[in-house]
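Right, one structure below, let's go through it.
Derivation of every value follows stated rules applied to the coordinates shown; laboratory data play no part. Bear in mind that the values here come from a model prediction, so they are computed numbers and not experimental data. Note that we place each Cβ from the backbone using ideal geometry, even for glycine, and neighbour counts take in every protein chain shown.
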Amino acid sequence: MAKFIYRMQSILDIKVKLEEQARMEFATAKMRLNEEEEKLSNLVSRREAYVLEGRKLQESGLNVLEIMENRTAIENMKELIARQEVCVRQAEVLADEAAERLTQAMQESKTHTRLKERAFEEFLQEENKREAKEVDELTSYTYGQRMKK
């Protein structure tokens, strides 16, 4: 039996490598998004702690300096949270773009894999036809030799 050689194997190999690269980029983007979301969550928790502390300060007495410092801390946290929300949105955009590239790379890789499978099926069909022809020729030759005897 002849050996199957896919003439576009190099293209398929490149597509598979591009898909792997896209997977790695997507994983990196997703990790960054998770980190940014965790930072945001920590900032929100800190702001909530400042708010609770501010309530306790107002209930316990009228230490104006501490209350003002607390309000300043809360405002600073609001600013940090707003900046972090921007970072999260940017990370989401990057993750979405990486996911789109991964989807595209997977489709291209799968397409070339299907083409290879079809080429292999055609190769098998041609090989079966060739073998059938050889068997027919051998049978005809053997039958012809018997008839001569």
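Counting only helical runs of four or more DSSP H residues, what would the 222 nm mean residue ellipticity of the chain come to if each run contributes -39,500 (n - 2.57) and the total is spread over all its residues?
-35000 deg cm²/dmol
Please compute the length gained on full extension between GLN107 and ALA119, using 0.36 nm multiplied by the number of residues separating them and subtracting their Cα-Cα distance. Write down the numbers at each step before the final one.
On the way: separation 12, 0.36 × 12 = 4.32 nm, distance 1.83 nm.
Extending this stretch completely gives an extra 2.5 nm.
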From the coordinates shown, Rg and Dmax of the Cα atoms in Å corresponds to which of (1) 34.8, 126; (2) 36.5, 132; (3) 15.1, 45: (1)
Summed side-chain charge close to THR111 - residues other than THR111 whose Cβ falls under 13 Å, Lys, Arg +1, Asp, Glu -1: +2
Relative contact order of the range 15-149, defined on C-alpha pairs under 8 angstrom at six or more residues apart (%): 40
Between helix 9-60 and the chain: long-axis angle, C-alpha atoms, 0 to 90°, nearest 10: 20
Charged-residue dipole, Cβ positions (Lys, Arg, Asp, Glu), the range 9-109 about Cα centre, Debye nearest 20: 160
Potential lengthening between LEU62 and SER140 on full extension [0.36 nm per residue; Cα-Cα distance subtracted]: 16.8 nm
Estimated FRET transfer efficiency when R0 is 35 angstrom, pair TYR6-GLU97 (beta carbons, to 0.05): 0.65
Sequence-distant lysines (8 or more away, or on other chains) whose Cα lies within less than 23 Å of LYS39: LYS30, LYS78
Highest-fluctuation residue, GLU36, GLU122, GLU19 considered, GNM on the chain with Cα pairs under 10 Å: GLU122
Size of electric dipole in the range 88-149: Cβ of Lys, Arg +1 and of Asp, Glu -1, about Cα centre, debye, nearest 20: 560
Between 0 and 90°, nearest 10: helix 64-148 axis offset from the chain longest Cα axis: 0
Charge dipole (the range 48-149, unit charges on Cβ, about Cα centre) - positive-most of GLY61, GLN107, CYS87: GLN107
Part-to-part distance (alpha-carbon centres) for the range 72-86 and the range 24-41, which is given in Å: 20
